[in-house]
Amino acid sequence: MRVIVADDYSAQSREAADIVEKLVRENPQCHLGLATGSSPVGMYQELARRCAEEGLDFSRVSSVNLDEYIGLEPTHDQSYRYFMDTNLFDHINIDKKNTYVAKGVGDVEANLKEFNEVLNSRDTDLQVLGVGPDGHVGFNEPGDHLCCSAHAEVLDESTIDANTRFFASRDDVPRGAVTMGMGGIMRSGCLLLIISGSNKEEAARQLLMTDDVTPKCPVTFLKIHKNSIVIITKELADKIGYKG
Ligand code: GLP
């Protein structure tokens, strides 16, 4: 696991964008695994700027997203399809036909079947990740075991709490989601984790300050991936006593 300590969120976003840019320039037909949440927003803005101003070309890139809330239409402003369109896809020259975000409405089993077919058809070259306060990646919540394939999850109370800020009220936060499993995540050629935001100390500490790999903190699985990169701000590194 390579760990980059960045001065602040802007530097963290630029470091992450550098890694994605290098891949896209070396392999213009690369397949990206993308994530939602606040953590990658700065990186998406930086990639959009580089596309507009520096000729970074996404025309042959394809993507698949980690997860989607169950019950939200793609047009809902908190759906992850809407998030990806408004935070990235509408600002780069990617062909939206080559972007996949799992369906959140309709028959859950049929949606999962389709999601797994997409995931099994091609592994991603790079998977962008954030982490939840409880250590979840995608929506793989902590527990006694993790699932390999794409599946439905009931969200933890702490995840509902963390995501309430995006909704009018806590009651509006969906209680379930479909998510890529740990298998789909771990099969990626490179994992790129951006740790940012409040309440991430415990997840960061489990990842960087212990040797444990445990389903009780899913992000710890990054330790056993052969090419994982963690970008953390200096402020958070200092808080958990990480010295590199
Ligand atoms: C959600 C998403 C995760 C994301 C997490 C952290 O639960 N499903 O993929 O990593 O939020 O989000 P944030 O970056 O906003 O803290």
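The values are calculated or read from the model by the stated rules, or taken from the named source; none is laboratory data. Note that the structure is predicted; figures quoted are calculated from it, not measured. Reconstructed Cβ throughout: ideal geometry from the backbone, glycine too, with neighbour counts over all protein chains shown. Calculation scope for accessible area: heavy atoms of the full protein, side chains included, ligands and nucleic acids excluded. Shrake-Rupley method; radii C 1.70, N 1.55, O 1.52, S 1.80 Å.
Please verify whether residue 77 is more than 17 Å from the chain's Cα centre (by Cα), under 23 Å from residue 136 (Cα atoms) and without any contact (Cβ under 8 Å) to a residue 12 or more places away in the chain, treating the condition exactly as stated. Considered against the rule, which asks whether it is more than 17 Å from the chain's Cα centre (by Cα), under 23 Å from residue 136 (Cα atoms) and without any contact (Cβ under 8 Å) to a residue 12 or more places away in the chain, residue 77 comes out as yes. Taking the numbered list (1) in contact with an Asp or Glu (Cβ under 7 Å, 6 or more places away or on another chain); (2) open to solvent by less than 30 Å² (accessible area, probe 1.4 Å); (3) free of Cβ contacts under 8 Å to residues at least 40 places away in the same chain in turn, residue 178 passes all entries but (3).
Results for (1) more than 13 Å from the ligand (Cβ to nearest atom); (2) assigned to a loop (DSSP other than H, G, I, E, B), shown as yes or no for each residue.
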position	(1), (2)
159	no, no
164	no, no
168	yes, yes
174	no, yes
178	no, no
183	yes, no
199	no, yes
203	no, no
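The set of residues in segment 225-244 that are surrounded by fewer than 17 Cβ atoms within 10 Å (Cβ to Cβ) and either acidic (Asp, Glu) or in contact (Cβ under 8 Å) with a residue 24 or more places away in the chain (or both) comprises 227, 234, 235, 238, 239, 241, 244.
Within segment 23-35, take every residue that is outside any helix (DSSP H, G or I) and open to solvent by less than 20 Å² (accessible area, probe 1.4 Å) and give me the one that is nearest to the ligand (Cβ to nearest atom). My answer is 35. If you go through segment 36-71 and keep only what is open to solvent by less than 20 Å² (accessible area, probe 1.4 Å), in a helix (DSSP H, G or I) and either within 27 Å of residue 200 (Cα to Cα) or within 16 Å of the ligand (Cβ to nearest atom) (or both), you end up with 42, 43, 44, 47, 48. For residue 163, the criteria (1) modelled with pLDDT of 95 or more; (2) among the polar types (S, T, N, Q); (3) in contact with a Leu (Cβ under 9 Å, 6 or more places away or on another chain) hold in every case but one, which is (1). For segment 206-218, a tally of residues being assigned to a helix (DSSP H, G or I) and either under 20 Å from residue 38 (Cβ atoms) or among the hydrophobic types (A, V, I, L, M, F, W, C) (or both) returns 3.
Would you say residue 99 is more than 16 Å from the ligand (Cβ to nearest atom), under 30 Å from residue 165 (Cα atoms), crowded, with 19+ Cβ neighbours inside 10 Å and among the hydroxyl-bearing types (Ser, Thr, Tyr)? In short, yes.
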